[in-house]
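Notes for the one structure printed next.
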Amino acid sequence: MVKRYYRKPHRYKRKKPIFRQRFFWPGILVLIAAGAIFYSLFFLEVFQVKKMIIGGNEKIAKEDIESMVEQRLESRIFFLKTKSIFAVDSEQIRKDILDRFPQIAMVKVSRGFFDAVSIVIAERQALAVWCADKCFLLDGEGIIFEEVFEANPGLLLLKTESAAGELGREVIDKELLSQILGIKEKTEASAKISVGEALVVSEERLNMKTFEGWQIYFNLKGDLDWQITELGVVLEKQIPSEKRGRLEYVDLRFSRVYYKYK
């Protein structure tokens, strides 16, 4: 007897349409929800920046800061304009303010609640006036930040070897500046005189000019306390105030004090 084998017919499973796939509709819902959230965050009116809160400015007009920042608030997403609080680039705004206003030493930019940007600044404080071709206010970091056109008797007039300077840039090392201002303060207290100008001649030599018209030569690498003390002694015992009208300089750079009349 011959055995016969029969092969079962192959059945092809029909693919389900994509919209009947298990994850199709949940995926669509997720995309719709994500799109709605994205639109809300970047285009909904409630999240559009409407005000700036600016503090710490004294000399710089609030309107000038607002005008500059306003240009940075508007951006484009998919060719659509937005001023969303979530699109604000705080770090870029901070850099722009520092570049635009050399009078500002520090800026903190933060997002407020919903529709406000907060900007807190600290302006530079002038400790001296630095002069080359032009004169500028100088802060404690050795940075010039504002041009001046007339003398300020309350500030030391300082000159260095630098022939020119750029606003917002350092023109003198802050440690050297601190040293010079310290010399001025101690000299005025010890010798009972007023100093109006200072010239950094070299790394070792500093010339200071008094309001009486004569100069003092200091050795910046030497014992400054000794130099200032000796100046007071010489002025008290050897060069009384009635003789200083003819005085040209007092030189403190060596082991003994030298002075010269005109």
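The values are calculated or read from the model by the stated rules, or taken from the named source; none is laboratory data. Computed from a prediction, not measured in an experiment: that's the story for all the values here. Note that we place each Cβ from the backbone using ideal geometry, even for glycine, and neighbour counts take in every protein chain shown. Accessible surface areas use protein heavy atoms only, side chains included; no ligands, DNA or RNA. Shrake-Rupley method; radii C 1.70, N 1.55, O 1.52, S 1.80 Å.
Just name the residue that is farthest from Ala122 (Cα to Cα) out of those in segment 83-92 that are surrounded by 12 or more Cβ atoms within 10 Å (Cβ to Cβ) and free of Cβ contacts under 8 Å to residues at least 40 places away in the same chain. Applying the filter and picking the extreme gives Lys83.
In segment 170-182, of all residues being open to solvent by 30 Å² or more (accessible area, probe 1.4 Å) and assigned to a helix (DSSP H, G or I), the one that is nearest to Glu150 (Cα to Cα) corresponds to Leu181.
Of the residues that make up segment 101-112, is at least one in a strand (DSSP E or B), open to solvent by less than 20 Å² (accessible area, probe 1.4 Å), within 23 Å of Phe211 (Cα to Cα) and hydrophobic (A, V, I, L, M, F, W, C)? The answer is no; no qualifying residue exists.
Number of residues in segment 113-137 that are of a type in the set (D, E, K, R) and in a strand (DSSP E or B): the value is 1.
Give me a count of the residues in segment 236-248 that are closer than 16 Å to Met208 by Cβ and open to solvent by 50 Å² or more (accessible area, probe 1.4 Å). Give the steps one after another, and end with the answer.
Here is the first cut: in segment 236-248, the residues closer than 16 Å to Met208 by Cβ are 239, 244, 247-248.
Narrowing the set further to residues that are open to solvent by 50 Å² or more (accessible area, probe 1.4 Å) leaves 248.
Number of matching residues: 1.
Scan segment 216-227 for residues that are in a loop (DSSP other than H, G, I, E, B) and of a type outside the set (A, V, I, L, M) and report the count.
Going residue by residue through segment 216-227, those that are in a loop (DSSP other than H, G, I, E, B) are 220-223.
This time we only want the ones that are of a type outside the set (A, V, I, L, M), so: 221-223.
Number of matching residues: 3.
The lone criterion from (1) free of Cβ contacts under 8 Å to residues at least 12 places away in the same chain; (2) open to solvent by less than 40 Å² (accessible area, probe 1.4 Å) left unmet by Leu137 is number (1).
Can you pull out the residues in segment 62-82 that are open to solvent by less than 50 Å² (accessible area, probe 1.4 Å) and either within 22 Å of Val46 (Cα to Cα) or in contact with a Gly (Cβ under 8 Å, 6 or more places away or on another chain) (or both)? Hits for segment 62-82 are Val69, Leu73, Ser75, Ile77, Thr82. Could you please let me know if Ile97 is part of a strand (DSSP E or B), open to solvent by less than 70 Å² (accessible area, probe 1.4 Å) and not acidic (Asp, Glu)? No, not satisfied. Taking the criterion of being assigned to a helix (DSSP H, G or I) and buried (at least 19 other Cβ atoms within 10 Å of the Cβ), the residues of segment 186-215 that qualify are Thr187, Ala191. The residue pairs whose first member lies in segment 61-79 and is in a helix (DSSP H, G or I), whose second member is loosely packed, with under 13 Cβ neighbours inside 10 Å, and whose beta carbons are closer than 8 Å, counting only pairs six or more residues apart or on different chains, are Arg72/Gln92. If you check Lys221 against the conditions, is it farther than 17 Å from Ser190 by Cβ and open to solvent by 20 Å² or more (accessible area, probe 1.4 Å)? Answer is yes for this residue.
Quick grid of which residues meet (1) under 28 Å from Arg124 (Cα atoms); (2) assigned to a loop (DSSP other than H, G, I, E, B); (3) touching a strand residue (DSSP E or B) at 6+ places or on another chain (Cβ under 6 Å); (4) modelled with pLDDT under 95:
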{"site": "Glu161", "(1), (2), (3), (4)": "yes, yes, no, yes"}
{"site": "Gly168", "(1), (2), (3), (4)": "yes, yes, no, yes"}
{"site": "Lys184", "(1), (2), (3), (4)": "yes, no, yes, no"}
{"site": "Glu242", "(1), (2), (3), (4)": "no, no, no, yes"}
{"site": "Gly245", "(1), (2), (3), (4)": "no, no, no, yes"}
{"site": "Val250", "(1), (2), (3), (4)": "no, no, yes, no"}
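On inspection, Leu157 fails the criterion of being assigned to a strand (DSSP E or B) and open to solvent by 60 Å² or more (accessible area, probe 1.4 Å). Would you mind finding the one in Glu123, Glu63 that is under 16 Å from the mean Cα position of the chain (by Cα), of a type outside the set (A, V, I, L, M) and at pLDDT 90 or above? Going through Glu123, Glu63 in turn, the sole match is Glu123.
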